[in-house]
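The values are calculated or read from the model by the stated rules, or taken from the named source; none is laboratory data. Only a predicted model underlies this, so the values are computations on that prediction, with no experimental measurement involved. Counting neighbours? That spans all protein chains shown, and the Cβs are built from the backbone with ideal geometry, glycine included. Please note that ligands, DNA and RNA were not included when accessible areas were found on the heavy atoms of the full protein model with its side chains. Shrake-Rupley method; radii C 1.70, N 1.55, O 1.52, S 1.80 Å.
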Amino acid sequence: MHRPTALSIALCLSLATAAIVGSAPAAADAVKKTADIEYARVDGRALRLDLYQPEGVADAPLLVWVHGGAWEAGSKSPLPATALVERGYAIASLDFRPASAAPFPGQVYDIKAAIRFLRATAASHGYDARRIAILGASSGAHLAAVVATTNGHPELEGTLGEHGNESSAVQALVSYFGASNLTTILAQSTPFGVGIRTPALKRLLGALPEENEALARLASPVFHVDPSDPPLLLLHGDQDPQMPINQSHELQGAYERQGLTAGFIVVHGAAHGGDEFFAPNNVERVAAFLDLHLR
């Protein structure tokens, strides 16, 4: 089997970008936001999403956005990726339970329930959910990668929501500075990063990774990657003091060992998040990847 190299992936992204610039999908006339759509209910608590749709674009492909916040904080609003709506994509931005209320894999159950709901209600909302991409930032990128690499996993599907007959599979994954291997993340971290990640991991797993290695492995996308997984695009800042860039390298390596598509955009000079990740040049490259795999 041909295994894509970093050079071949970069070339494919460059060619796709050039092609899309020459024949871009119709741009949105405006962005329509429908807020606080309930997608599931857990113990009396409503789980909600915001739906952003490009007006004037029929049957826009669907993206699912998973926010960051150390698995505990963060919110579905504001959405940092609105430029992709302007490029003709619909985006569902999710809220989900914090790790303190839903330790792993509770948040994965929430996100998969949202995907099933979005597939079941696509016709009523007017987007195209036949092929879905999931995107996330920081801890949200970790959760997005778990979702993308564990379709059908008996321990990680859950039974939330009213649409258990729908698939939670996704057809593309974009990870913005996310974790991928919870068994190595602390050893790779700076002292500053250790101070942030240690309490966050305790909330997520109920223990440090070395105290419950089986659960840490279950929560690590690198241990789930197999040939059925969707194409991957990673973005990570080379000055990130919180999330080691090696976490993205590990997921890239796991993909390449399976002969899968794995692109990697190093955002030079960027730390953990920031406007650089959504600068026009990076939006174009992400849009090129999504157009290639969803349109």
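Just to be sure I understand: of the beta bridges DSSP finds with both ends in the chain, what percent are antiparallel, rounded to 5? Please list the in-between numbers first.
Working: 15 of 42 bridges.
Around 35 percent of the beta bridges assigned by DSSP in the chain are antiparallel ones.
Roughly how many Å² of H268 are accessible to a 1.4 Å probe, to the nearest 10?
150 Å²
What's the carbon and sulfur percent of the stretch 138-295's accessible surface, probe 1.4 angstrom, rounded to a whole number? Show your work: numbers first, answer last.
Details: 3030 of 6040 Å².
Answer for the stretch 138-295: carbon and sulfur cover 50 percent of the accessible area.
Taking each pair of different alpha-carbon atoms in the chain once, compute 1/r for the pair, average those values, and report the inverse of that mean as the Kirkwood hydrodynamic radius in Å to one decimal. If you can, show how the numbers build up before the last one.
Values: mean 1/r = 0.0527 Å⁻¹.
One decimal place: 19.0 Å for the Kirkwood radius.
Sorting check: for 227-236, 69-78, which peptide has the highest mean count of neighbouring beta carbons within 10 Å, and how do the rest follow? The partial results should precede the final answer.
Numbers: 227-236: 21.3, 69-78: 15.3.
By packing density, highest mean first, the sequence is 227-236, 69-78.
Given a Förster radius of 45 Å and the C-beta distance between R217 and R45 as r, what FRET efficiency does 1/(1 + (r/R0)^6) yield to the nearest 0.05?
On the way: r = 29 Å, r/R0 = 0.65.
Taking R0 as 45 Å, the efficiency between R217 and R45 is 0.95.
What does the helix-only formula give at 222 nm for the chain: each DSSP H stretch with n ≥ 4 adding -39500 (n - 2.57), the total divided by the residues, and the result rounded to the nearest 500 deg cm²/dmol? It would help to have the intermediate numbers written out before the result.
Numbers: 10 runs with 105 residues, N = 295.
It lands at -10500 deg cm²/dmol.
Which far-off residues, 5 or more places away or on another chain, put their amide H under 5 Å from the one on Y39, with H placed in the peptide plane?
L47, R48, L49
Measure out, as a whole number of angstrom, how far apart the alpha-carbon centroids of the stretch 150-221 and the stretch 90-104 sit.
Each part reduced to its Cα centre gives a spacing of 13 Å.
Work out the length of the dipole vector of the chain about its Cα centre, built from +1 on the beta-carbon of each Lys and Arg and -1 on the beta-carbon of each Asp and Glu, and round it to the nearest 20 debye.
It works out to roughly 180 debye.
Quickly rank 108-119, 243-254, 190-201 as a protection proxy: mean count of other C-beta atoms within 10 Å, highest first. Write down the numbers at each step before the final one.
Working: 108-119: 25.0, 243-254: 22.7, 190-201: 15.2.
Per-residue mean Cβ counts within 10 Å order the peptides as 108-119, 243-254, 190-201.
Picking from P78, L160, P280, whose Cα lies most toward the positive end of the charge dipole for the chain (charges on Cβ: Lys, Arg +1; Asp, Glu -1)?
Positive-most Cα among the choices belongs to L160.
If you count only protein heavy atoms with a 1.4 Å probe, what accessible area per residue comes out for the chain, rounded to a whole Å²?
Numbers: 11780 Å² over 295 residues.
Accessible area per residue: 40 Å².
Charges only on Cβ, +1 for Lys and Arg, -1 for Asp and Glu: so what's the dipole of the stretch 160-232 about the Cα centre, in debye to the nearest 20?
Roughly 340 debye for the stretch 160-232.
Straight-line reach from K32: which aspartates and glutamates have a Cα under 18 Å away, not including same-chain ones fewer than 8 places off?
Straight-line reach from K32, under 18 Å: D50, E55, D59, E86, D128.
Can you list residues from other chains, or at least 5 along the same chain, whose modelled amide H is less than 5 Å from the amide H of I265?
Amide H to amide H, under 5 Å and 5 or more residues apart or across chains, I265 pairs with L234, L235, H236.
At 0.36 nm per residue, minus the direct Cα-Cα distance, what do D275 and R257 gain on full extension? Give it in nm, one decimal, please. Intermediate values should be presented prior to the final figure.
On the way: separation 18, 0.36 × 18 = 6.48 nm, distance 3.20 nm.
The D275-R257 span can extend by a further 3.3 nm.
Along Cα→Cβ, 7 Å out, is where each label goes; now give me the distance between the ones at T159 and E55 in nm to one decimal.
Output for this residue pair reads 4.4 nm.
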